Each structure stands twice: as C-alpha cells, then as structure tokens.
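The values are calculated or read from the model by the stated rules, or taken from the named source; none is laboratory data. Only a predicted model underlies this, so the values are computations on that prediction, with no experimental measurement involved. Note: areas computed on protein heavy atoms with side chains; ligands, DNA, RNA excluded. Shrake-Rupley method; radii C 1.70, N 1.55, O 1.52, S 1.80 Å.
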Amino acid sequence: MGNEKDVTVVEETQFHLNSQLQHDQVQQDQVQQDQVQQDQVQHNQVQQDQVQQDQVQKEEPTSMSEATQKQTSSSPHLSLVGSRLTGAQLQQAKIFAKKHGGRIATCFNGSTTHIIVNVDENGRCTRTLKYLQGIASGRWIVDYQWIKHSLENEGQMALPVSMYEVWEGTTFTV
C-alpha cells in the first residue's frame, strides 16, 4: 500500500509537471508569435518610410542649380539675410527678393536660404555670426555680386547661385 501511494504521488507530480511544461510551452509560443508580429509591423513601417523617403527624393531637385532655380524663380521660400551689406546693397537685395518672390530678413532663422556677403579684393568675406550660422546650417553663402548681376540681367531668372558661392571665406566666381 505504501508503494501505491508513492506511485500515485509520483504520477500526480508528473502530471502537474507535464501540465506546467505544456503551459510554459504555450506561453513561449505566444511570446514568439507576438515577437514575429512586432517584427513584421516594424518591417512594414521601415518599408513605408523608405517609400515616402523615395517619393520625397524624387520631388527634390537633383542638382544645386535646380535647387537654386526653384528657390529663385518666384519661390516664396527664398529668404535672404545680408551680412555686412551697405545700405544701398541692402536696398538692392530687397528689390531682388521682391522680384523673385522672396523676402529679406535682418536675422538668420530657420527659413533662411541664402546669406549675402561682401568679399574683398582677394575674394574673402568677414566671418560674421550670420556667416557662421549659414555654414553650420548648410545654407548658401553668396557674394553680393550675385544680386547685382542678377538684377542687371535682362532675363527674369536669377543667375546661377553656384557661380557666386563663397567657400570658407573665399568666393569662386566663374
């Protein structure tokens, strides 16, 4: 009779252990299914983000000259900031901005697209706060001559900004 009790206890223990193992296996399977679903959702989100990024890239200009033409041809996004311009130069910059659907601001801000600077006889400009903000933000740093020559130009389009871009305090005019 003692052996029968021991066998019954062992059988009950095995039954409970097997039940617990089955329960643990079901939970583990559910966790794996949840992880697979989460991975699928993340994968789908990454694909959607890539499709949206590809669409944005298709809409963006493919070259700097296209970007400049978009910005300077009656674009409301043209926002100029002058750095160390004379009063007469500032007036010309305002005329240029108005002609091309843009604006001129007194301070650099998030919508600034171009920093207009004067260069000396060596093609160098003063490194002002506005100049450094433009460099740090990847904005066009442009010799004032771009404005002057574009206004003198008979066409409605501004001259290519890349011809007047100032690099590291030095302008490269073609």
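Which one of these is at pLDDT below 90, β-branched (Val, Ile, Thr) and over 23 Å from the mean Cα position of the chain (by Cα): Thr106, Thr171? If you could, list the steps in order and put the result at the bottom.
Working: Thr106 fails: at pLDDT below 90.
Criteria check complete, one pass: Thr171.
Within the range 72-79, identify whether any single residue is at pLDDT 75 or above, within 30 Å of Gln145 (Cα to Cα) and open to solvent by less than 60 Å² (accessible area, probe 1.4 Å), and answer yes or no. Walk me through how you get there before you give the answer.
We begin by selecting, within the range 72-79, every residue at pLDDT 75 or above; these are 77-79.
If we keep only those that are within 30 Å of Gln145 (Cα to Cα) as well, we get 77-79.
Filter once more, so that each one left must be open to solvent by less than 60 Å² (accessible area, probe 1.4 Å): 78-79.
Looking for residues that are at pLDDT 75 or above, within 30 Å of Gln145 (Cα to Cα) and open to solvent by less than 60 Å² (accessible area, probe 1.4 Å), one finds at least one in the range 72-79, hence yes.
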